[in-house]
1. Looking only at the range 289-316, filter to residues that are within 11 Å of Leu193 (Cβ to Cβ) and touching a helix residue (DSSP H, G or I) at 6+ places or on another chain (Cβ under 8 Å); which one of those is modelled with the lowest pLDDT?
2. Mind telling me which of the residues Ile260, Ile265 ends up being surrounded by fewer than 16 Cβ atoms within 10 Å (Cβ to Cβ) and either more than 30 Å from Glu97 (Cβ to Cβ) or modelled with pLDDT of 80 or more (or both)?
3. Output the number of the condition that Gly91 fails; it satisfies all remaining conditions of (1) outside the structural domain of Thr157 (by TED's automatic domain parsing); (2) under 25 Å from the mean Cα position of the chain (by Cα).
4. Quick one: which residue in Ala152, Ala114 is assigned by TED's automatic domain parsing to the domain that holds Gly91 and over 23 Å from Asp38 (Cα atoms)?
5. Could you list all residues from the range 59-93 that are within 26 Å of Gln39 (Cα to Cα) and free of Cβ contacts under 8 Å to residues at least 24 places away in the same chain?
6. Are any residues in the range 1-35 at pLDDT below 85 and in a helix (DSSP H, G or I), and if so, which ones?
7. Can you go through Glu53, Glu48 and tell me which one is of a type outside the set (Ser, Thr, Tyr), touching a Pro at 6+ places or on another chain (Cβ under 9 Å), farther than 22 Å from Thr147 by Cα and in a helix (DSSP H, G or I)?
8. So which of Thr150, Thr173 ends up being within 22 Å of the chain's Cα centre (by Cα) and either among the basic types (Lys, Arg) or outside any loop (DSSP other than H, G, I, E, B) (or both)?
Amino acid sequence: MDWRKCLWRLLAAALYLWGLWCCCLAREAQSRVFLQLDQPVSLGAAKECYDREMEEETPVGLCFWGQTGEITISCETTGGRARVTRVVLCGNGELMEAGELVWREGCLIDRETALELFGTIHCGGQILEWDGASYPVLGTVSALRPTVITMAREEDTFSGCVLAASGEKGTVTGEQFFLRHQLSGRVLDYYFLWALTRNLLLLFPGIAALSAWGWMGKDRRQLSVSGIRAGEQWGMLIKTGLSWILMGISLVLLWKLAVIPPDMIPSRWSDFSFWGDWWENQMEELVTILFAPLENRQLQMLLNMVKSMISATAAAALALCTLRRENHADIAHRG
């Protein structure tokens with residue numbers, strides 16, 4: 001029975017750590033603002049926006065992106081061919097995890113396509129060809145679908161833009177950017193999902209803190225019972241010390257992870273319609289995100305948030321089941 005308890009606790013802890021890691025991978029939600037443009041923007045217009053933004057007193061880093069559909073890429077050296085989606089950029093490629101393209105001419109491909117064409121993800125220096133042009137491979141990127149990334153050419157257009165700004169003020173930053181450059185579109189605000197992901201990670205440490213408090217209370221009751229040998233008392237004292245450490249770690253996690261979106265706090269507490277309007281706006285944003293044409297980084301960010309939420313919920317459920325079984329066993333033992 002003790003082995004089963006240990007197994008469930010280890011599984012819950014592993015799920016929680018995995019959820020924490022996935023949440024860290026989705027950090028773009030708090031450091032990026034994603035814009036969906038109503039009308040395609042040409043390369044010339046994108047460059048003008050970039051130049052104007054750099055002249056601002058406090059410029060915002062930006063990168064326009066677009067997709068040109070599927071193309072067939074080939075490597076003359078290996079004879080390999082693959083169908084991929086071509087993504088084109090203009091601006092600060094580091095915002096799209098493509099910083100190599102800012103300084104050198106070439107392309108980036110996803111790791112699966114690299115393995116298919118070259119048998120390794122370390123394929124820097126290889127040459128890919130399509131549309132009668134050659135592109136040196138500068139590196140690989142993580143992607144959910146076959147992808148090749150290049151800087152844009154004159155005929156390319158862009159359907160989205162990424163800004164280097166806090167997701168906490170994402171909507172305001174995006175709307176101001178639209179006004180400054182006379183563009184129209186929608187700000188895809190991921191901050192609510194990010195906050196939800198972070199706050200779900202509070203469940204497991206909260207249950208762990210309650211469990212540690214319960215262990216300490218049970219040990220105090222046992223220590224007060226006469227007839228307990230000295231060796232057993234030392235064991236209980238050690239367990240109590242570990243419980244204090246566990247509760248301390250849990251409280252630190254609770255303090256560090258808690259996130260409250262600023263727009264969730266009403267300006268007037270007497271505004272009773274605030275919460276209904278707020279939830280309606282969040283649902284509209286969620287529908288917009290789900291049906292918007294998303295770029296690979298956005299898809300990965302969403303997937304990591306979903307993984308984190310599922311892992312955090314599963315870890316909390318396992319911890320709660322273990323805690324309830326312990327309580328039932330303790331009540332049965334007293335009876």
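1. Ile289
2. Values: Ile260 fails: either more than 30 Å from Glu97 (Cβ to Cβ) or modelled with pLDDT of 80 or more (or both).
That would be Ile265, the only listed residue that is surrounded by fewer than 16 Cβ atoms within 10 Å (Cβ to Cβ) and either more than 30 Å from Glu97 (Cβ to Cβ) or modelled with pLDDT of 80 or more (or both).
3. (1)
4. On the way: Ala152 fails: over 23 Å from Asp38 (Cα atoms).
Matching residue, one of Ala152, Ala114: Ala114.
5. Hits for the range 59-93 are Pro59, Gly69, Glu70.
6. Selection gives Asp2, Trp3, Arg4, Lys5, Cys6, Leu7, Trp8, Arg9, Glu28, Ala29, Gln30, Ser31.
7. Values: Glu48 fails: touching a Pro at 6+ places or on another chain (Cβ under 9 Å).
Exactly one of Glu53, Glu48 is of a type outside the set (Ser, Thr, Tyr), touching a Pro at 6+ places or on another chain (Cβ under 9 Å), farther than 22 Å from Thr147 by Cα and in a helix (DSSP H, G or I), namely Glu53.
8. Numbers: Thr150 fails: within 22 Å of the chain's Cα centre (by Cα).
The match here is Thr173.
The values are calculated or read from the model by the stated rules, or taken from the named source; none is laboratory data. This structure is a prediction, so every number in the text was calculated from the model and none was measured. When we count neighbours, we look across all protein chains shown, and the Cβ atoms used for this are built from the backbone with ideal geometry, even at glycine.
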